[in-house]
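Bear in mind that the values in this text are calculations on the coordinates, not laboratory data. Because the structure is a prediction, the values reported are computed rather than measured. Every residue, glycine among them, receives a Cβ derived from its backbone with ideal geometry; neighbour counts consider all protein chains shown.
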């Protein structure tokens with residue numbers, strides 16, 4: 001299919017722009033009967049392929065990881081368990097580096113020659129509590145793997161709101177492009193932050209909390225009902241989604257700035 005597209009381009013039957021679109025479409029690769037991989041997702045959307053480990057057989061996951069690593073030079077795996085870590089460790093080649101973040105439950109594997117191009121995008125990540133850090137770390141890893149510089153301030157929630165202001169001041173001084181604010185329980189922090197800054201805020205409710213509105217329901221509802229404008233909300237525990245959206249925004253801002 002790729003050869004056919006190139007032949008049509010050489011013959012002048014399609015333009016360079018049309019060929020580019022077709023090549024972006026033809027990037028799905030199958031692994032036996034296990035999975036269909038979008039190995040060039042990053043070319044088409046700017047977001048790298050992220051392999052969800054949750055619910056996958058460890059051996060199947062290892063096969064998927066190897067194929068992505070072979071094709072892209074990098075594999076990012078989320079929601080890992082110990083059984084997945086052990087299966088992946090067995091197949092990582094000598095020419096690759098493996099980074100395991102136990103808090104985020106993520107693994108990033110890169111061939112030694114693979115480098116992430118810095119975009120100039122700048123993102124701030126704030127958590128309300130220490131228990132929210134794992135979700136924040138998911139967002140941080142994704143944003144950094146998309147070329148952004150990330151500044152973090154953890155455990156600065158409304159229970160001791162005086163802790164917020166110095167961290168927020170530093171991030172504003174860094175001229176960040178987007179803020180990710182992660183909070184559980186009543187989920188108040190994102191709306192507070194959004195009412196104080198002229199920066200887009202992405203709220204991430206976490207499943208921290210119990211009783212009425214447990215498992216993140218209260219936090220999600222509060223963020224969706226927030227009166228502060230400039231706040232968008234992702235799903236409960238959606239650190240990967242928040243990191244990807246924030247990086248897309250920050251990277252477009254950086255491109256407009258013309259800085260790297």
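Couple of notes before you dig in:
- With both residues required to sit in the chain, DSSP beta bridges show an antiparallel share near 40%.
- Full-stretch length increase - residue 196, residue 94 - with 0.36 nm per residue and alpha-carbon distance subtracted: 31.8 nm
- Cubic angstrom per residue, convex hull over Cα atoms of the chain: 156
- For the chain, the longest principal axis of the alpha carbon atoms and the long axis of helix 16-25 meet at an angle near 70°.
- For 208, 172, 142, order by how many other beta-carbon atoms lie within 10 Å, fewest first: 172, 208, 142
- Overall form of segment 130-227: prolate. Here a/c, set by the Cα gyration tensor axes a ≥ b ≥ c, is 1.5 or more, and a/b is the larger of a/b and b/c.
- Diffusion constant of segment 35-127 at 10 °C, which comes from Stokes-Einstein with the Kirkwood Cα-pair radius and 1.306 mPa s, µm²/s: 114
- Neighbour-count order for 42, 162, 84, fewest beta carbons within 10 angstrom listed first: 162, 42, 84
- Compactness index (Cα Rg / 2.2 N^0.38 Å), segment 89-159: 1.30
- Convex hull (Cα only) mean projected area of segment 51-194, reported in nm² to one decimal: 9.4
- In degrees, nearest ten, helix 58-72 long axis to first principal axis of the chain (Cα): 70
- Taking Cα atoms only, the orientation of helix 82-91 departs from the longest principal axis of the chain by about 30 degrees.
- The ranking of 199, 126, 80 by Cβ neighbour count inside 10 Å, starting from the fewest, reads 199, 80, 126.
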